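Right, one structure below, let's go through it.
Only the coordinates and a few stated rules stand behind these numbers; no lab work does. None of the values given here were measured: they were computed from a predicted structure. Because the Cβ atoms are built from the backbone with ideal geometry, glycine has one as well, and the counts that use them run over all protein chains shown.
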Ligand code: BV8
Ligand code: ZN
């Protein structure tokens, strides 16, 4: 895979690089992206309809079972070469920051030290009423357990549509974006807000935005586009920059 020499030079001399990932970085690990049609039992549900507080209030059992199904699916997948390449870049770039929209833990499993999760984690639970953190439970538990403090229902500690993003991760991501020399935006449809603004904030502050995606996205116009799958492009980029 060929890269523009100017891009390689810039990455060789950059220290403040922000990696911004979406569901596409986990696609080659076998995790369906939000855009992919759901399978089996969940084929006739749209994620956007289930990942909302209203859906949980209306039918907690169904929403809980959807997350338990996703946890079972997530438990069986492993990081792919894209996750490993990002972790290898981070190991060489002490000031690198990884911001992810994903709720899986594949970046952590690939060795990324401190991914910033803008949308929470499907492996953390909290009380839907008082918000305290609740322990993980076996992924085959069919009904949400009750909060030991207030009796409220347990829910996954993810950000649902219509919910605000956690302030600290959001601020950390914006701070990294405004200081970034380069943002590498990987596997995101750039349609979910406000997360999708992170590359734009960096661009407006003068950063180069590189986008890795086999498909066009609304980010195309502000990015240097590397059309391809993350699992192929990122290891090739790593080799071109560091000769690894
Ligand atoms: C908020 C956790 C306000 C849950 C998620 C109208 C216009 C604009 C915005 C809105 C609007 N109406 C409503 C909104 C706001 C809404 C929003 O953006 N909606 C969109 C859908 C229009 N946003 C919100 O509601 C946010 N909150 O605004 O709150 C507020 C503020 C203050 C106080 C109170 C309230 C909250 C959004 C967070 C939602 N939660 N996840 C869960 O997972 O169950 S987001 C969820 O979707 C995923 O986590 C992921 O982050 C996102 C999907 O985006 P991507 O990661 O980009 O994935 P996607 O499938 O879309 O695309 C995959 C890409 O990968 C594709 O481009 C594909 O080509 C590419 N790809 C595929 N294979 C590969 C690949 N790339 C590389 N390699 C490959 N092999
Ligand atoms: Zn509670």
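Could you go through the stretch 60-71 and let me know if any residue there is away from ligand 2 (no atom under 16 Å from the Cβ), at positive phi and in contact (Cβ under 8 Å) with a residue 12 or more places away in the chain.
no
In the stretch 189-216, how many residues are within 13 Å of ligand 1 (Cβ to nearest atom) and in contact with a strand residue (DSSP E or B) (Cβ under 7 Å, 6 or more places away or on another chain)?
Total meeting the criteria: 5.
Which of the residues that make up the stretch 77-104 are over 15 Å from residue 184 (Cα atoms) and under 9 Å from the mean Cα position of the chain (by Cα)?
102, 103, 104 - these are the residues of the stretch 77-104 that are over 15 Å from residue 184 (Cα atoms) and under 9 Å from the mean Cα position of the chain (by Cα).
I'm trying to understand the selection: among the residues of the stretch 124-147, which are surrounded by 15 or more Cβ atoms within 10 Å (Cβ to Cβ) and within 16 Å of ligand 1 (Cβ to nearest atom)?
Selection gives 124, 125, 126, 128, 139, 144.
For the stretch 134-240, please list each of the strands (runs of 3 or more DSSP E) lying entirely inside it that holds at least 1 residues being within 16 Å of ligand 2 (Cβ to nearest atom) and free of Cβ contacts under 8 Å to residues at least 60 places away in the same chain.
154-158
With the requirement that a residue be assigned to a helix (DSSP H, G or I) and surrounded by fewer than 17 Cβ atoms within 10 Å (Cβ to Cβ), what does the stretch 21-48 give you?
40, 41, 48 - these are the residues of the stretch 21-48 that are assigned to a helix (DSSP H, G or I) and surrounded by fewer than 17 Cβ atoms within 10 Å (Cβ to Cβ).
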